[in-house]
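K.L.:
I have a structure here, written as structure tokens, and I will follow up with some questions on it.
The values are calculated or read from the model by the stated rules, or taken from the named source; none is laboratory data. Source: prediction; values computed, not measured. So basically every Cβ, Gly included, is an ideal-geometry build from the backbone, and we count neighbours across all protein chains shown. Areas reflect the complete protein model, heavy atoms only, side chains present, ligands, DNA and RNA absent. Shrake-Rupley method; radii C 1.70, N 1.55, O 1.52, S 1.80 Å.
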Amino acid sequence: MNIKEFKGVYVFVEQREGEIQRVSLELIGKGRELADKIGESVTAIILGYNIKDKADTLIHYGADEVIYIDDKILEVYMTEPYAKALTEVIESRKPEIFLIGATAIGRDLAPRVSARIHTGLTADCTSLDIEEGTGNLLMTRPAFGGNLMATIVCPDHRPQMSTVRPGVMPLFEKDESRVGKVEEFKINFSKEDVNVEILEIVKEKKQKIKIEEANVLVAGGRGIGNPEKFELLKKLADELGGLVAASRAVVDAGWIDREHQVGQTGKTVRPDLYIACGISGAIQHLAGMEESDFIIAINKDPEAPIFEVADIGIVGDINKVIPALIEEIEAVKK
Ligand code: FAD
């Protein structure tokens, strides 16, 4: 492999029902920064059906060029046709860097493509940069359960591929005066490329939780002990007209949905009142909530760092403190 033949930063743009996913725009912005460092261009690749009109938006968010592949087969995501299409684009265009959002779709697609083109893939990155001197992509991701950060390079193969977590990279400031090249890429799909038949798409029915708009948040961390304890936190939140939020530890453990997560890789919140229950106060959590107007922290460890940002600290077991708080609030209301 002559790696010098590979040029440019490419971003896979994920659309669902024609709606561009925000992480793809974040990656175009990051791609722009990386491309500027190595003096190359940013190409956005969008796959779907009747999607040509999305190209302008991608250019406004930082792409120099858009490649679109328009085919009825690509209307709804299916692994095989998408993997085939991206593989053909990569083989023909030879990108130096290829970025994909670490969504459910991106996590399915990226490893298949990287295996087909015999390159490495760093999954779930939280930071990307260019190494001075070599120009290699530095792909950083949490390792060993988030206890240390590992920076990975792919010096001998191209493209350098990475999936990136949604919500980590800032958006490029939208500029509607930007113009760029738009090009169609044709793929000859055959029947064998469609090895799955989609009979029905059933969407999970869930209410959109907007913790960033709540005045009161009752947030739970690993210290609450088990997922059922969120019911207790919800009771307190209901009493105060607020919502339940969470640390990443409990989101990663599957105790609560990601849309409740506060912090560096979650949401940034600024409620009037933030009650942190069984949350240690890691720097990545504080980054998302320390601007709250009033913070109450409940933690059984008097040394927990959360107390450093708290206006009121309660050293105690949430199993005792929260029911007592609910009781007091109910008594006041009567
Ligand atoms: P722990 O750190 O395990 O803390 C549990 C706390 O509960 C302890 O302080 C303990 O004393 C207390 N406790 C235990 N039992 C009780 C009880 N019965 N009553 C009262 N207190 C009790 N974290 C986030 O939250 N948001 C992010 O967006 C985020 N992004 C990250 C991004 C990166 C790149 C990395 C590396 C990490 C990120 N993290 C994030 C993870 C972060 O570093 C911490 O691991 C995480 O916040 C810890 O969650 P926790 O406080 O719930 O759990």
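K.L.:
Collect the residues in segment 128-151 that are in contact with a strand residue (DSSP E or B) (Cβ under 9 Å, 6 or more places away or on another chain) and open to solvent by 50 Å² or more (accessible area, probe 1.4 Å), keeping them in residue-number order.
P.N.:
If the condition is that a residue be in contact with a strand residue (DSSP E or B) (Cβ under 9 Å, 6 or more places away or on another chain) and open to solvent by 50 Å² or more (accessible area, probe 1.4 Å), then Asp129, Glu131, Arg141, Phe144, Leu148, Met149, Thr151 are the ones that fit.
K.L.:
Gly62 versus (1) part of a loop (DSSP other than H, G, I, E, B); (2) over 18 Å from Pro166 (Cβ atoms): which is the lone unmet condition?
P.N.:
Every listed condition holds for Gly62 apart from (2).
K.L.:
Next up: Return only the number of the condition from (1) open to solvent by 60 Å² or more (accessible area, probe 1.4 Å); (2) touching a Pro at 6+ places or on another chain (Cβ under 6 Å) that Ile73 does not satisfy.
P.N.:
For Ile73, the exception is condition (1).
K.L.:
Any residue in segment 176-195 that is of a type in the set (Val, Ile, Thr) and in contact with a Ser or Thr (Cβ under 8 Å, 6 or more places away or on another chain)?
P.N.:
Within segment 176-195, none of the residues are of a type in the set (Val, Ile, Thr) and in contact with a Ser or Thr (Cβ under 8 Å, 6 or more places away or on another chain).
K.L.:
Another question, if that's okay. Say whether the condition of being in contact with a Pro (Cβ under 6 Å, 6 or more places away or on another chain) and closer than 15 Å to Ala310 by Cα is met by at least one residue in segment 253-266.
P.N.:
no
K.L.:
Still on this structure, please answer the following. Say we look at segment 205-225 and pick out the residues that are under 16 Å from Ile298 (Cα atoms) and more than 9 Å from the ligand (Cβ to nearest atom); which of these is most open to solvent (accessible area, probe 1.4 Å)?
P.N.:
Per the stated criteria, the residue is Val216.
K.L.:
Do you know which residues across segment 256-284 are part of a loop (DSSP other than H, G, I, E, B), more than 15 Å from Arg222 (Cα to Cα), more than 6 Å from the ligand (Cβ to nearest atom) and within 16 Å of the chain's Cα centre (by Cα)?
P.N.:
If the condition is that a residue be part of a loop (DSSP other than H, G, I, E, B), more than 15 Å from Arg222 (Cα to Cα), more than 6 Å from the ligand (Cβ to nearest atom) and within 16 Å of the chain's Cα centre (by Cα), then Thr268 is the only one that fits.
K.L.:
Still on this model: Report the residue count in segment 234-245 for those that are out of contact with any Lys or Arg (no Cβ under 9 Å at 6 or more places or on another chain) and either near the ligand (Cβ under 9 Å from one of its atoms) or open to solvent by less than 30 Å² (accessible area, probe 1.4 Å) (or both).
P.N.:
Residues flagged as out of contact with any Lys or Arg (no Cβ under 9 Å at 6 or more places or on another chain) and either near the ligand (Cβ under 9 Å from one of its atoms) or open to solvent by less than 30 Å² (accessible area, probe 1.4 Å) (or both) within segment 234-245 amount to 3.
K.L.:
Restricting attention to segment 117-127, report how many residues are in contact with a Leu (Cβ under 9 Å, 6 or more places away or on another chain) and open to solvent by 30 Å² or more (accessible area, probe 1.4 Å).
P.N.:
Going through segment 117-127 one residue at a time, the tally reaches 1.
K.L.:
Let me ask you something else. Across segment 2-31, what is the number of residues that are of a type in the set (Asp, Glu) and closer than 19 Å to Glu75 by Cα?
P.N.:
3
K.L.:
Out of Ile329, Ile298, Ile306, Ile279, which single residue is open to solvent by less than 10 Å² (accessible area, probe 1.4 Å) and either touching an Asp or Glu at 6+ places or on another chain (Cβ under 7 Å) or touching a residue at least 40 places away in the same chain (Cβ under 8 Å) (or both)?
P.N.:
Answer to the check: Ile279.
K.L.:
Can I ask one more? Residue under question is Ala287, and the condition is that it be within 11 Å of the ligand (Cβ to nearest atom), assigned to a strand (DSSP E or B) and among the small types (Gly, Ala, Ser); does it hold?
P.N.:
Criteria not met by Ala287.
K.L.:
Any chance you could count how many residues in segment 152-178 are over 30 Å from His118 (Cβ atoms) and surrounded by 10 or more Cβ atoms within 10 Å (Cβ to Cβ)?
P.N.:
So the answer is 7.
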